[in-house]
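The values are calculated or read from the model by the stated rules, or taken from the named source; none is laboratory data. Predicted, not measured: the structure shown is a model, and the values here were computed from it. Ideal geometry is used to build each Cβ from the backbone, glycine not excepted, and the neighbour counts take in all protein chains shown. Surface accessibility is based on the protein's heavy atoms, side chains included, excluding ligands, DNA and RNA. Shrake-Rupley method; radii C 1.70, N 1.55, O 1.52, S 1.80 Å.
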Amino acid sequence: LLVAGLFVLHPGALMADSRKVSNIGVLAHRGPELAIRMWTPTVDDLSSQIPGYDFRLVPLDLAEMNAAEKRGELDFILTNPGNYVELEAHHHVSRIATLMNARHSGPATLFGAVIFTAADNSDIGSLAELKGKSFAAVDKAAFGGFQMAWREMKEAGIDPFTDLELRFMGFPQDEIVYAVRDGRVDAGTVRTDILERMAARGYIELADFKVLNPQLSDGFHLLHSTQLYPEWAFAKTVTAPIGLAREVSIALLQMPRDAPATRAGKYTGWTVPLDYNRVHELFLVLGIGPYQISGDIRFMDVLRRYWYWLVLLSGVILFSMILNIYIKREVVRRTAQLSETNRTLEDQILERKRAEQ
(Lines give C-alpha, C1' and ligand atoms only; values in the text may rest on other atoms or scores of the structure.)
Protein backbone atom coordinates (compact mmCIF):
# COMPACT_ATOMS: atom_id res chain seq x y z
CA LEU A 1 0.00 0.00 0.00
CA LEU A 2 2.80 2.37 0.88
CA VAL A 3 4.51 1.70 -2.45
CA ALA A 4 1.22 2.12 -4.30
CA GLY A 5 0.61 5.38 -2.48
CA LEU A 6 4.04 6.65 -3.39
CA PHE A 7 3.46 5.76 -7.05
CA VAL A 8 0.20 7.69 -7.04
CA LEU A 9 1.85 10.67 -5.43
CA HIS A 10 5.09 10.58 -7.40
CA PRO A 11 4.80 8.41 -10.54
CA GLY A 12 7.36 10.54 -12.34
CA ALA A 13 9.97 9.87 -9.68
CA LEU A 14 9.58 6.09 -9.99
CA MET A 15 9.68 6.26 -13.79
CA ALA A 16 12.83 8.40 -13.65
CA ASP A 17 14.46 5.86 -11.37
CA SER A 18 13.76 3.11 -13.91
CA ARG A 19 15.54 4.98 -16.73
CA LYS A 20 19.11 4.00 -17.51
CA VAL A 21 21.76 6.71 -17.57
CA SER A 22 23.86 7.04 -20.73
CA ASN A 23 26.81 9.46 -20.74
CA ILE A 24 27.70 11.46 -23.86
CA GLY A 25 31.19 12.93 -23.82
CA VAL A 26 31.37 16.19 -25.78
CA LEU A 27 34.64 17.86 -26.73
CA ALA A 28 34.48 21.35 -25.19
CA HIS A 29 36.73 23.06 -27.75
CA ARG A 30 35.52 26.51 -26.71
CA GLY A 31 35.22 25.79 -22.99
CA PRO A 32 32.80 23.72 -20.87
CA GLU A 33 30.28 26.52 -20.30
CA LEU A 34 29.69 27.06 -24.02
CA ALA A 35 29.62 23.29 -24.64
CA ILE A 36 26.88 22.92 -22.04
CA ARG A 37 24.82 25.74 -23.60
CA MET A 38 25.27 24.38 -27.13
CA TRP A 39 24.77 20.66 -26.61
CA THR A 40 22.42 20.24 -23.63
CA PRO A 41 19.33 20.67 -25.88
CA THR A 42 20.64 17.93 -28.20
CA VAL A 43 21.19 15.57 -25.27
CA ASP A 44 17.75 16.44 -23.83
CA ASP A 45 16.19 15.76 -27.23
CA LEU A 46 17.67 12.27 -27.24
CA SER A 47 16.28 11.66 -23.72
CA SER A 48 12.81 12.65 -24.91
CA GLN A 49 12.99 10.59 -28.11
CA ILE A 50 14.40 7.33 -26.73
CA PRO A 51 12.31 5.58 -24.03
CA GLY A 52 14.04 4.19 -21.00
CA TYR A 53 17.19 6.29 -21.20
CA ASP A 54 18.35 9.49 -19.54
CA PHE A 55 21.26 10.94 -21.51
CA ARG A 56 23.81 13.03 -19.64
CA LEU A 57 26.19 15.59 -21.16
CA VAL A 58 29.84 15.37 -20.07
CA PRO A 59 31.94 18.30 -21.41
CA LEU A 60 35.62 17.33 -21.73
CA ASP A 61 38.87 18.58 -23.17
CA LEU A 62 41.08 16.30 -25.27
CA ALA A 63 43.01 14.77 -22.37
CA GLU A 64 39.85 14.27 -20.32
CA MET A 65 38.06 12.70 -23.29
CA ASN A 66 40.74 10.05 -23.77
CA ALA A 67 40.98 9.37 -20.03
CA ALA A 68 37.20 9.05 -19.60
CA GLU A 69 36.93 6.65 -22.55
CA LYS A 70 39.84 4.59 -21.24
CA ARG A 71 38.01 4.25 -17.90
CA GLY A 72 34.84 3.15 -19.70
CA GLU A 73 32.78 6.08 -18.42
CA LEU A 74 31.25 7.11 -21.78
CA ASP A 75 28.64 5.45 -23.97
CA PHE A 76 28.72 7.99 -26.78
CA ILE A 77 31.18 10.65 -27.92
CA LEU A 78 30.82 13.84 -29.95
CA THR A 79 34.26 15.03 -30.97
CA ASN A 80 36.45 16.38 -33.75
CA PRO A 81 37.56 13.98 -36.50
CA GLY A 82 41.16 13.78 -35.31
CA ASN A 83 40.19 12.76 -31.80
CA TYR A 84 37.62 10.35 -33.24
CA VAL A 85 40.21 8.57 -35.40
CA GLU A 86 42.52 8.17 -32.41
CA LEU A 87 39.70 6.81 -30.24
CA GLU A 88 38.68 4.51 -33.08
CA ALA A 89 42.21 3.12 -33.31
CA HIS A 90 42.89 2.77 -29.59
CA HIS A 91 39.44 2.20 -28.04
CA HIS A 92 37.36 0.81 -30.95
CA VAL A 93 34.71 3.53 -30.99
CA SER A 94 32.62 3.64 -34.17
CA ARG A 95 30.90 6.62 -35.81
CA ILE A 96 27.11 6.58 -36.21
CA ALA A 97 26.54 10.10 -37.59
CA THR A 98 28.40 13.16 -38.87
CA LEU A 99 27.52 16.73 -37.91
CA MET A 100 26.10 19.16 -40.47
CA ASN A 101 27.36 22.54 -39.32
CA ALA A 102 25.41 25.75 -39.95
CA ARG A 103 26.83 28.11 -42.57
CA HIS A 104 25.39 31.20 -44.19
CA SER A 105 25.50 29.30 -47.50
CA GLY A 106 23.78 26.20 -46.04
CA PRO A 107 24.69 22.99 -44.20
CA ALA A 108 28.38 22.01 -44.23
CA THR A 109 29.83 18.58 -43.54
CA LEU A 110 33.46 19.68 -44.05
CA PHE A 111 35.72 22.09 -42.19
CA GLY A 112 39.32 23.23 -42.10
CA ALA A 113 41.59 25.63 -40.26
CA VAL A 114 42.66 29.20 -40.81
CA ILE A 115 46.23 30.42 -40.25
CA PHE A 116 46.32 34.14 -39.67
CA THR A 117 48.23 37.17 -38.44
CA ALA A 118 47.31 40.77 -37.70
CA ALA A 119 46.37 42.76 -40.79
CA ASP A 120 49.03 45.38 -40.04
CA ASN A 121 51.84 42.82 -39.54
CA SER A 122 54.04 43.56 -42.56
CA ASP A 123 56.67 40.99 -41.48
CA ILE A 124 54.43 38.03 -42.29
CA GLY A 125 52.77 37.56 -45.65
CA SER A 126 53.20 33.83 -46.26
CA LEU A 127 53.82 30.55 -44.45
CA ALA A 128 57.54 30.78 -45.20
CA GLU A 129 57.73 34.09 -43.32
CA LEU A 130 56.46 32.44 -40.13
CA LYS A 131 59.97 31.13 -39.44
CA GLY A 132 61.36 32.59 -36.25
CA LYS A 133 57.98 34.03 -35.23
CA SER A 134 55.72 33.24 -32.27
CA PHE A 135 52.74 31.09 -33.18
CA ALA A 136 49.64 30.30 -31.07
CA ALA A 137 47.61 27.09 -31.30
CA VAL A 138 45.38 25.04 -29.02
CA ASP A 139 47.47 21.96 -28.32
CA LYS A 140 49.73 19.51 -30.14
CA ALA A 141 46.83 17.03 -30.13
CA ALA A 142 44.20 19.52 -31.36
CA PHE A 143 43.03 18.56 -34.86
CA GLY A 144 41.49 21.80 -36.12
CA GLY A 145 43.40 23.84 -33.56
CA PHE A 146 46.90 22.77 -34.70
CA GLN A 147 47.32 19.56 -36.70
CA MET A 148 45.65 20.84 -39.88
CA ALA A 149 47.97 23.85 -39.89
CA TRP A 150 50.94 21.62 -39.00
CA ARG A 151 50.37 19.59 -42.16
CA GLU A 152 50.28 22.71 -44.35
CA MET A 153 53.46 24.03 -42.75
CA LYS A 154 55.24 20.69 -43.15
CA GLU A 155 54.36 20.56 -46.84
CA ALA A 156 55.70 24.14 -47.13
CA GLY A 157 59.03 23.02 -45.61
CA ILE A 158 58.42 24.38 -42.12
CA ASP A 159 58.85 22.39 -38.92
CA PRO A 160 56.70 24.22 -36.35
CA PHE A 161 58.59 22.63 -33.47
CA THR A 162 61.99 23.94 -34.56
CA ASP A 163 61.20 26.88 -36.88
CA LEU A 164 58.55 28.61 -34.74
CA GLU A 165 58.14 29.75 -31.17
CA LEU A 166 55.08 27.64 -30.41
CA ARG A 167 52.62 28.67 -27.73
CA PHE A 168 49.88 26.20 -26.94
CA MET A 169 47.06 28.17 -25.31
CA GLY A 170 44.39 25.50 -24.89
CA PHE A 171 40.65 26.11 -25.10
CA PRO A 172 38.73 28.23 -25.83
CA GLN A 173 40.15 29.06 -29.24
CA ASP A 174 38.88 32.65 -28.95
CA GLU A 175 41.91 33.46 -26.78
CA ILE A 176 44.22 32.70 -29.72
CA VAL A 177 42.33 35.21 -31.85
CA TYR A 178 42.62 37.88 -29.18
CA ALA A 179 46.33 37.13 -28.68
CA VAL A 180 47.04 37.67 -32.39
CA ARG A 181 44.87 40.78 -32.57
CA ASP A 182 46.52 42.33 -29.53
CA GLY A 183 50.06 41.56 -30.72
CA ARG A 184 50.89 39.09 -27.94
CA VAL A 185 51.80 36.52 -30.62
CA ASP A 186 52.78 37.02 -34.26
CA ALA A 187 50.36 34.51 -35.77
CA GLY A 188 48.04 31.66 -34.88
CA THR A 189 45.58 29.06 -36.07
CA VAL A 190 41.99 28.15 -35.21
CA ARG A 191 39.37 25.95 -36.84
CA THR A 192 37.20 27.46 -39.56
CA ASP A 193 34.16 29.52 -38.48
CA ILE A 194 35.76 30.77 -35.24
CA LEU A 195 36.71 34.12 -36.81
CA GLU A 196 33.36 34.55 -38.54
CA ARG A 197 31.32 33.69 -35.45
CA MET A 198 33.35 36.02 -33.24
CA ALA A 199 32.88 38.79 -35.80
CA ALA A 200 29.13 38.12 -36.01
CA ARG A 201 28.89 38.59 -32.23
CA GLY A 202 30.86 41.83 -32.42
CA TYR A 203 33.88 40.48 -30.54
CA ILE A 204 36.34 41.20 -33.37
CA GLU A 205 36.59 42.84 -36.79
CA LEU A 206 37.60 40.54 -39.63
CA ALA A 207 39.46 43.45 -41.22
CA ASP A 208 41.95 43.30 -38.32
CA PHE A 209 43.29 39.94 -39.57
CA LYS A 210 45.22 38.64 -42.57
CA VAL A 211 44.82 35.03 -43.71
CA LEU A 212 47.98 33.16 -44.66
CA ASN A 213 47.97 30.51 -47.39
CA PRO A 214 44.34 31.34 -48.34
CA GLN A 215 42.42 28.56 -50.09
CA LEU A 216 39.39 28.53 -52.39
CA SER A 217 37.14 25.46 -52.19
CA ASP A 218 33.96 24.88 -54.17
CA GLY A 219 30.88 25.36 -52.00
CA PHE A 220 32.90 26.35 -48.94
CA HIS A 221 32.89 30.08 -48.24
CA LEU A 222 34.61 30.40 -44.86
CA LEU A 223 38.16 31.70 -44.52
CA HIS A 224 40.56 28.75 -44.57
CA SER A 225 44.24 27.98 -45.11
CA THR A 226 44.16 24.18 -45.17
CA GLN A 227 42.54 21.22 -46.85
CA LEU A 228 39.00 20.41 -45.79
CA TYR A 229 38.15 17.43 -43.58
CA PRO A 230 34.87 15.76 -42.50
CA GLU A 231 32.99 17.42 -39.65
CA TRP A 232 32.64 16.17 -36.10
CA ALA A 233 31.66 12.56 -35.53
CA PHE A 234 28.99 11.27 -33.18
CA ALA A 235 30.30 7.85 -32.14
CA LYS A 236 29.36 4.91 -29.94
CA THR A 237 31.82 3.32 -27.57
CA VAL A 238 32.15 -0.40 -26.89
CA THR A 239 29.96 -0.01 -23.77
CA ALA A 240 26.91 1.25 -25.70
CA PRO A 241 24.43 -1.46 -26.71
CA ILE A 242 23.98 -1.87 -30.47
CA GLY A 243 20.22 -1.41 -30.18
CA LEU A 244 20.62 1.85 -28.29
CA ALA A 245 23.19 3.10 -30.80
CA ARG A 246 20.72 2.38 -33.61
CA GLU A 247 17.99 4.39 -31.83
CA VAL A 248 20.38 7.29 -31.21
CA SER A 249 21.44 7.28 -34.85
CA ILE A 250 17.82 7.32 -36.06
CA ALA A 251 16.93 10.14 -33.65
CA LEU A 252 19.87 12.25 -34.84
CA LEU A 253 19.21 11.68 -38.55
CA GLN A 254 15.52 12.52 -38.13
CA MET A 255 16.15 15.71 -36.12
CA PRO A 256 14.38 18.66 -37.83
CA ARG A 257 16.60 21.40 -39.21
CA ASP A 258 14.83 24.09 -37.15
CA ALA A 259 14.66 22.14 -33.88
CA PRO A 260 15.61 23.91 -30.61
CA ALA A 261 18.60 21.55 -30.37
CA THR A 262 19.98 22.57 -33.78
CA ARG A 263 19.48 26.27 -33.08
CA ALA A 264 21.31 26.02 -29.75
CA GLY A 265 24.14 23.97 -31.25
CA LYS A 266 24.54 26.21 -34.33
CA TYR A 267 24.11 23.27 -36.68
CA THR A 268 21.46 22.13 -39.16
CA GLY A 269 21.24 18.42 -38.42
CA TRP A 270 23.09 15.16 -38.93
CA THR A 271 23.99 12.98 -41.88
CA VAL A 272 25.19 9.42 -42.33
CA PRO A 273 28.81 8.86 -41.20
CA LEU A 274 31.28 10.30 -43.70
CA ASP A 275 34.56 8.81 -44.90
CA TYR A 276 37.37 9.83 -42.52
CA ASN A 277 40.23 8.53 -44.66
CA ARG A 278 41.47 12.07 -45.26
CA VAL A 279 42.05 12.34 -41.51
CA HIS A 280 44.06 9.10 -41.61
CA GLU A 281 46.06 10.62 -44.47
CA LEU A 282 46.95 13.68 -42.37
CA PHE A 283 48.06 11.48 -39.47
CA LEU A 284 50.13 9.38 -41.85
CA VAL A 285 51.85 12.47 -43.32
CA LEU A 286 52.65 13.79 -39.84
CA GLY A 287 53.50 10.40 -38.33
CA ILE A 288 51.09 10.88 -35.42
CA GLY A 289 48.00 9.26 -33.95
CA PRO A 290 47.59 5.64 -35.06
CA TYR A 291 50.68 6.04 -37.29
CA GLN A 292 53.06 7.19 -34.58
CA ILE A 293 55.95 4.84 -33.94
CA SER A 294 57.55 5.30 -30.53
CA GLY A 295 61.11 4.46 -29.57
CA ASP A 296 59.91 1.36 -27.72
CA ILE A 297 58.62 -0.79 -30.58
CA ARG A 298 57.28 -4.21 -29.69
CA PHE A 299 56.82 -6.96 -32.26
CA MET A 300 53.18 -7.62 -31.26
CA ASP A 301 52.34 -3.91 -31.63
CA VAL A 302 53.75 -3.93 -35.15
CA LEU A 303 51.92 -7.18 -35.90
CA ARG A 304 48.57 -5.83 -34.69
CA ARG A 305 48.95 -2.56 -36.57
CA TYR A 306 50.36 -3.86 -39.88
CA TRP A 307 49.21 -7.50 -40.02
CA TYR A 308 47.52 -7.06 -43.41
CA TRP A 309 50.65 -5.68 -45.05
CA LEU A 310 52.82 -8.28 -43.33
CA VAL A 311 50.60 -11.09 -44.65
CA LEU A 312 50.61 -9.53 -48.11
CA LEU A 313 54.39 -9.10 -48.06
CA SER A 314 54.87 -12.66 -46.81
CA GLY A 315 52.65 -13.92 -49.62
CA VAL A 316 54.66 -11.98 -52.21
CA ILE A 317 57.93 -13.31 -50.80
CA LEU A 318 56.62 -16.90 -50.71
CA PHE A 319 55.31 -16.63 -54.28
CA SER A 320 58.67 -15.21 -55.40
CA MET A 321 60.53 -18.07 -53.75
CA ILE A 322 58.27 -20.71 -55.34
CA LEU A 323 58.54 -18.98 -58.72
CA ASN A 324 62.33 -18.82 -58.38
CA ILE A 325 62.54 -22.54 -57.54
CA TYR A 326 60.28 -23.39 -60.46
CA ILE A 327 62.34 -21.27 -62.85
CA LYS A 328 65.60 -22.85 -61.66
CA ARG A 329 64.20 -26.36 -62.05
CA GLU A 330 62.85 -25.49 -65.48
CA VAL A 331 66.22 -24.07 -66.53
CA VAL A 332 67.98 -27.25 -65.34
CA ARG A 333 65.43 -29.45 -67.15
CA ARG A 334 65.64 -27.42 -70.35
CA THR A 335 69.45 -27.40 -70.14
CA ALA A 336 69.50 -31.15 -69.73
CA GLN A 337 67.15 -31.55 -72.70
CA LEU A 338 69.32 -29.26 -74.79
CA SER A 339 72.47 -31.20 -73.83
CA GLU A 340 70.76 -34.47 -74.73
CA THR A 341 69.63 -33.02 -78.04
CA ASN A 342 73.17 -31.82 -78.76
CA ARG A 343 74.60 -35.26 -77.98
CA THR A 344 72.03 -36.90 -80.25
CA LEU A 345 72.90 -34.54 -83.08
CA GLU A 346 76.60 -35.13 -82.57
CA ASP A 347 76.04 -38.91 -82.67
CA GLN A 348 73.98 -38.57 -85.84
CA ILE A 349 76.69 -36.47 -87.48
CA LEU A 350 79.35 -39.02 -86.55
CA GLU A 351 77.23 -41.88 -87.91
CA ARG A 352 76.69 -40.00 -91.17
CA LYS A 353 80.42 -39.32 -91.54
CA ARG A 354 81.22 -43.02 -90.98
CA ALA A 355 78.61 -44.00 -93.54
CA GLU A 356 80.15 -41.65 -96.11
CA GLN A 357 83.59 -43.17 -95.65
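Quick notes on this one:
- Percentage of interatomic Cα-Cα distances in the range 68-205 larger than 27 Å: 28 percent
- With θ taken as phi - 60° and the Karplus curve 6.51 cos²θ - 1.76 cosθ + 1.60 applied, the whole-hertz 3J(HN,Hα) list for the range 37-46 is 5, 6, 10, 4, x, 5, 5, 5, 4, 5 Hz, x standing for glycine and proline.
- Accessible solvent surface per residue of the chain, calculated while the other protein chains remain in place, 1.4 angstrom probe, Å²: 55 Å²
- A simple charge model with +1 on the Cβ of Lys and Arg, -1 on the Cβ of Asp and Glu and nothing else charged puts the dipole of the chain at about 1060 debye relative to its Cα centre.
- Pairs exceeding 27 Å between alpha-carbon atoms, taken from Lys131/Lys266; Lys70/Lys133; Lys70/Lys266; Lys70/Lys131; Lys140/Lys236: Lys131/Lys266; Lys70/Lys133; Lys70/Lys266; Lys70/Lys131.
- Taking the inverse of the mean 1/r over every pair of distinct Cα atoms in the range 192-295 gives a Kirkwood hydrodynamic radius of 17.3 Å.
- For Ala113, distant residues with modelled amide H under 5 Å away: Thr192, Ser225, Thr226
- Debye log10 I(q)/I(0) for the range 32-92, one point scatterer per Cα, at q = 0.17 Å⁻¹: -0.64
- The chain: angle of helix 299-356 to the longest principal axis, Cα-based, in degrees nearest 10: 10 degrees
- Over the chain: helical MRE at 222 nm, DSSP H runs n ≥ 4 each giving -39500 (n - 2.57), nearest 500: -15000 deg cm²/dmol
- The HN-Hα couplings worked out from phi for the range 203-209 by the Karplus form 6.51 cos²θ - 1.76 cosθ + 1.60 (θ = phi - 60°) are 6, 9, 10, 4, 5, 7, 10 Hz, whole numbers, x standing for Gly and Pro.
- Formal net charge of residues neighbouring Ser249 (Cβ-Cβ distance under 12 Å; K, R +1; D, E -1): +2
- Listed values [x] 129, 76, 41; [y] 67, 47, 38; [z] 67, 52, 39, entry calculated as Cα extents along the principal axes in Å: [x]
- Excluding same-chain neighbours fewer than eight residues apart, the aspartates and glutamates reachable from Lys20 by a Cα-Cα span under 16 Å are Asp44, Asp45, Asp54, Glu73, Asp75, Glu247.
- Acute angle (nearest 10 degrees) that the helix 81-91 long axis makes with the longest principal axis of the chain, alpha-carbon atoms: 70 degrees
- Mean separation of Cα contacts under 8 Å (6+ apart) over length of the chain, as relative contact order %: 22 percent
- Per residue, the average separation of C-alpha pairs within less than 8 Å and at least 6 apart gives the range 50-191 a relative contact order of 26 percent.
- Across the range 151-162, rounded Karplus estimates of 3J(HN,Hα) from the backbone phi angles (6.51 cos²θ - 1.76 cosθ + 1.60, θ = phi - 60°) give 4, 4, 5, 4, 6, 9, x, 10, 9, x, 7, 10 Hz, Gly and Pro being marked x.
- Long-range HN-HN contacts of Ile204 with modeled amide H, under 5 Å: Ala199
- Relative protection proxy for 316-329, 80-93, 192-205, from highest mean packing down: 80-93, 192-205, 316-329 (other beta-carbon atoms within 10 angstrom).
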